[in-house]
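Shown next, in structure tokens, is the structure this report addresses.
The values are calculated or read from the model by the stated rules, or taken from the named source; none is laboratory data. These numbers were taken from a predicted model, which means no experiment stands behind them. Methodologically, a virtual Cβ is constructed for each residue, glycine included, from the backbone with ideal geometry; neighbour enumeration extends over all protein chains shown.
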Amino acid sequence: MSSRTLPRLLQTPAVIMLLIWMLIPLGMTLYFSFIRYVLNSLRRPEWTTPSFTNWRGFGNYEFVMNSKDFLFAIQNSLFIVGSILFLTVILGVLIAVLINKAFPGQGLVRVMLISPFFIMPAVNAVLWINMILDPVLGLNGLAVEGINNIIASMHDAPLVGWFFSLWPKIDPISFRATQTSAYAVIIMVTWQWTPFAVLIFMTSLQSEDEQQKEAAILDGAGKWSQFRFLTLPHLGRPIAIVVMIQAIFHLSLYAEIEIVSRGNGNKNLPYLIGEFANNNIGAASATGIFAVILANIIAIFLLRMVGKTLME
Amino acid sequence: MGRIVLENVVKRFDETEVIPPLDLTIEEGEFAVFVGPSGCGKSTLLRLIAGLEDATAGRVLIDGEDVTEVSPSKRGLAMVFQSYALYPHMTVRKNIAFPMRMAGMSEAEQNERITAAAKSLNLTDYLDRKPGQLSGGQRQRVAIGRAIVREPEAFLFDEPLSNLDAALRVGMRLEISEMHKRLQTTMIYVTHDQVEAMTMADKIVVLQAGVIEQVGSPLELYKTPRNVFVAGFIGSPKMNLLSGVEAAEYDADTIGIRPEHIDISMKSKKGSWEGTVGVAEHLGSDTFIHIHGIPGCDPMTVRAGGDIEVKHGDKIYLSPQAEHIHKFSEDGLRIP
């Protein structure tokens, strides 16, 4: 037995486990996506059991691509993921730089900053949509009402009253509406995931070389130049990692979308799968395959990007 | 340009006084070396001059101008750090250009200075590489290049050679000395290595616990150390220090004799010490013999010629050259 055979042999069970874990669901999804398979049909009861005799070829794929929500779901997926990435990275860098300086109560502030990350996505969504973003009961409604009251009370003020009486009464934004539900999801997920970015950037900032900064100070670099030419390049790698991990995670957002508007005006591929899966397992599986393809395209782009920063 | 004066400078971190009130003048064009054991405050002193630390009290003057409250970048000093402190994501060219870019210098002027610096430091072939692709010595040269292009009033070196291997250190030492001769700019160099101090300095400042023990040229320190600490610190191998009966013979509390000022013989002579050879280090040019059994100093180190044949356990007789005996009083100060 050569020296490598035994280790290989010992690895085999784990590798086989992993393959089963991956290949069986993928294989079943592929299989279902090529047959007619529904959960309930009175007219065609034979479609309720998966079988090769119900072969449909690329019919399910065609059906999904022609459905009215498909392109919108892909577009919306990318919009939500892109917006969240943009906001979390910018906020994350700013907050991390801000709390990297020593100040009293630093430990407490750090713990509190991380805490949103420990809240379950569904709970996060319920809290935000009902307690903060709700146009009547939430902070959103209360704040708008408060502003309206202040303006109304100014109408009778001497001298400037006429000026305030020209102001319109403002209406709170309803975040469950078709036009706004995507923003609600972006806001709440950004709130939940910014701490993750902060955590990663903060640890990276602590490894920043102090002598480099001192050299830069002597070289005449101000605070902004130090940030621009030293800190930002230093954060390049963690930013790439945060972007990659979050992109993969947020492609599969579901709970927030369901809770905010039940997909009204705001669908992504996982949500579309969920809608099809109410009855049409074949179409749901085909959508699943599309989601796999989309995730892979994005992952390849991201891996290239991360790989490039890691090579430097 | 570049006369640096410290007046009554004090540095405290909370309650601990790192540097008690201290006065020092470094003349224009001088190569001054701060030397002392680790933790003696020599780096803190350099950082005070650079402006990276604020003085708790006292004044720092450069060319007669009080710069105590002036920001580091406005003091016109350039510093070379022990860890090189190069910007890792920038090429060598951009690293060297950074201070000029911050100063808003024109592109043409920048390129001219970079080319000149790269040529004098043998970096021309490496300008487009990143610091990670360079060897330790090359990185150090880039750091020096970054300092040169600013044409500073004075260069500050913070243990710049400590991270290099021995052979490279000797080479870089020469390069820096030659650079000083060429530029004639004031340089302040911090090191814990007294060999670097002796070989490079015009003026050595020996520090211990934040206090200046002695200031002088290398040979002054070697010939007339002001106290026991300087006597033991300057010179390699170290001066042998004897106390007790042997010292009392010379009416001193402690006497010191350098290894190169002891005559050896295999036969007893008047006024000589008797000992046995412990270890003999044959360097070819010299032999350093460590001798045991001499009261008040164990082992005593002696420098002998390269071709002497001694071995472990040999009896040996030592007679110090009377004119080279350093005498120190009870409080450690030199007795003239």
Inset, instruction - Kindly indicate whether residue A:207 is hydroxyl-bearing (Ser, Thr, Tyr), at negative phi, in contact with a Ser or Thr (Cβ under 9 Å, 6 or more places away or on another chain) and assigned by TED's automatic domain parsing to the domain that holds residue A:118. - result: no
Inset, instruction - Select from the stretch B:63-76 the residues that are within 14 Å of another protein chain (Cβ to nearest Cβ) and either part of a loop (DSSP other than H, G, I, E, B) or surrounded by 16 or more Cβ atoms within 10 Å (Cβ to Cβ) (or both) and list them in ascending order. - result: B:67, B:70, B:71, B:72, B:73, B:75, B:76
Inset, instruction - Could you list all residues from the stretch A:215-226 that are part of a helix (DSSP H, G or I) and crowded, with 20+ Cβ neighbours inside 10 Å? - result: A:215, A:216, A:217, A:218
Inset, instruction - Tell me which residues, restricted to the stretch A:215-226, are more than 7 Å from chain B (Cβ to nearest Cβ) and hydrophobic (A, V, I, L, M, F, W, C). - result: A:216, A:224
Inset, instruction - Quickly run through the stretch A:48-91 and pick out the residues that are among the charged types (D, E, K, R) and part of a loop (DSSP other than H, G, I, E, B). - result: A:56, A:68, A:69
Legend entry - The listed residue being closer than 30 Å to residue B:133 by Cα, in the same structural domain as residue A:83 (by TED's automatic domain parsing), crowded, with 16+ Cβ neighbours inside 10 Å and not charged (D, E, K, R), out of A:198, A:260, A:242: A:242
Legend entry - Residues satisfying the stated conditions in the stretch A:261-312, i.e. among the aromatic types (Phe, Trp, Tyr) and modelled with pLDDT of 90 or more: A:271, A:290
Legend entry - Single condition residue A:267 does not satisfy, out of (1) of a type in the set (D, E, K, R); (2) without any contact (Cβ under 8 Å) to a residue 24 or more places away in the chain; (3) not in a helix (DSSP H, G or I): (2)
Inset, instruction - Please tell me if residue A:181 is more than 14 Å from every other protein chain (Cβ to nearest Cβ), over 26 Å from residue A:242 (Cα atoms), surrounded by 12 or more Cβ atoms within 10 Å (Cβ to Cβ) and not acidic (Asp, Glu). - result: no
Legend entry - Unmet criterion (only one of (1) surrounded by fewer than 16 Cβ atoms within 10 Å (Cβ to Cβ); (2) more than 26 Å from the chain's Cα centre (by Cα); (3) over 22 Å from residue A:270 (Cα atoms)) for residue A:94: (2)
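Which is touching a Cys at 6+ places or on another chain (Cβ under 9 Å), surrounded by 18 or more Cβ atoms within 10 Å (Cβ to Cβ) and on the phi > 0 side of the Ramachandran plot, of B:235, B:210?
None of the others qualify; the one that does is B:210.
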Legend entry - So residue A:192, is it loosely packed, with under 13 Cβ neighbours inside 10 Å, of a type outside the set (D, E, K, R) and under 30 Å from residue A:245 (Cβ atoms): no
Inset, instruction - Among the helices (runs of 4 or more DSSP H) lying completely within the stretch A:114-199, list those that include at least 3 residues that are over 16 Å from the mean Cα position of the chain (by Cα). - result: A:139-154, A:161-165
Legend entry - Exclusive hit being touching a residue at least 24 places away in the same chain (Cβ under 8 Å) and farther than 30 Å from residue A:30 by Cα, set A:281, A:200, A:298: A:200
Legend entry - Residue pairs meeting the criteria (Cβ under 6 Å; at least 6 apart or on separate chains; first part of a strand (DSSP E or B), in the stretch B:191-207; second buried (at least 18 other Cβ atoms within 10 Å of the Cβ) and of a type in the set (D, E, K, R)): B:191/B:159; B:203/B:30; B:206/B:213; B:207/B:42
Inset, instruction - For residue A:299, state whether it is more than 14 Å from chain B (Cβ to nearest Cβ) and small (Gly, Ala, Ser). - result: yes
Inset, instruction - Sort through B:79, B:100, B:90 and tell me the only one that's farther than 30 Å from residue B:192 by Cα, crowded, with 19+ Cβ neighbours inside 10 Å, at the interface with another protein chain (Cβ under 10 Å from one of its Cβ atoms) and not β-branched (Val, Ile, Thr). - result: B:100
Legend entry - Candidate set from the stretch A:227-254 (those that are of a type outside the set (Gly, Ala, Ser) and in a loop (DSSP other than H, G, I, E, B)); member that is nearest to the other protein chains (Cβ to nearest Cβ): A:235
Inset, instruction - Within the stretch A:67-82, track down each residue that is exposed (fewer than 12 other Cβ atoms within 10 Å of the Cβ) and either more than 13 Å from residue A:272 (Cα to Cα) or of a type in the set (D, E, K, R) (or both). - result: A:68
Inset, instruction - Just name the residue that is farthest from residue B:82 (Cα to Cα) out of those in the stretch B:29-62 that are over 19 Å from the mean Cα position of the chain (by Cα) and in a loop (DSSP other than H, G, I, E, B). - result: B:56
Legend entry - Verdict on residue A:212 being part of a helix (DSSP H, G or I) and either surrounded by fewer than 19 Cβ atoms within 10 Å (Cβ to Cβ) or within 14 Å of chain B (Cβ to nearest Cβ) (or both): yes
Legend entry - Which numbered condition residue A:147 fails, given (1) over 26 Å from residue A:208 (Cβ atoms); (2) among the hydrophobic types (A, V, I, L, M, F, W, C); (3) touching a helix residue (DSSP H, G or I) at 6+ places or on another chain (Cβ under 9 Å): (3)
Legend entry - The lone exception for residue B:88 - which of (1) out of contact with any helix residue (DSSP H, G or I) (no Cβ under 9 Å at 6 or more places or on another chain); (2) in a loop (DSSP other than H, G, I, E, B); (3) farther than 24 Å from residue B:180 by Cα it fails: (1)
Inset, instruction - Please indicate, with yes or no, whether at least one residue in the stretch B:124-138 is among the hydrophobic types (A, V, I, L, M, F, W, C) and either under 25 Å from residue B:44 (Cα atoms) or not in a loop (DSSP other than H, G, I, E, B) (or both). - result: no
